[in-house]
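Worksheet: one structure, shown below.
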Amino acid sequence: MSDFIKILTHERRLKASTKELSVSELEEVEKKIRNVIAARKKEEEEEKAEQRLKQEKIEEFKKAMADAGIGISDILENEIGGEPLKATKKKRAPKPPKYAFTDEQGERATWTGQGRMPKALKKALEQGHRLEEYLIK
């Protein structure tokens, strides 16, 4: 942040910096600042209007593409070539645990029933226990 902006945004610094100015000079500065603010507001309004117009056009194009059965990948693969674009896969939520058991350290552990069976559970099954005994109810 420049020193000028620091002075403008801090009331005491601004007061100290403008101590030498007369009231009419301060009013003139105020008028200029109001003009800058008005111009900035107008620019922001124009920018928002452009964004709204752009968004409306995008929605219009999306609807036209959907009505024609065209996807964005259809357009891009023609432009850039190569294989068709694949839709991104959504991550699924983790499965809830299905089995609860005590591991080698004596702590409670769980297993979803997918993937490799934990060693402690495998060892318990080898000793004659049934998997149903460890089901979480």
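Rule-based calculations on the coordinates, nothing more; no lab input. All values reported here derive from a predicted model rather than from experimental measurement.
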### Query
Using the Karplus equation 6.51 cos²θ - 1.76 cosθ + 1.60 (θ = phi - 60°), what ³J(HN,Hα) coupling, rounded to whole Hz, does each residue of region 8-20 give in order, writing x for Gly and Pro?
5, 8, 10, 4, 5, 5, 5, 4, 5, 6, 9, 4, 7
### Cα-based shape type of the chain, given that a ≥ b ≥ c are square roots of the gyration tensor eigenvalues and the cut on a/c is 1.5
oblate
### Query
In straight Cα distance, which lysines are under 30 Å from Lys48, not counting same-chain residues fewer than 8 positions off?
Lys6, Lys31, Lys32, Lys57, Lys62, Lys63
### Query
Against the longest principal axis of the chain, how steep is helix 23-68, in degrees 0 to 90 to the nearest 10, with axes from Cα atoms?
40 degrees
### Message
Less than 14 Å apart at the alpha-carbon level, and either on another chain or at least 8 residues along: which aspartates and glutamates does that give for Lys42?
### Response
Glu50
### Task
Identify all aspartates and glutamates with a Cα-Cα distance to Lys119 below 14 Å; exclude those on the same chain that are fewer than 8 residues away in sequence.
Asp103, Glu104, Glu107
#### Entry: Euclidean distance between Cα centres, region 1-18 to region 87-101, Å
56 Å
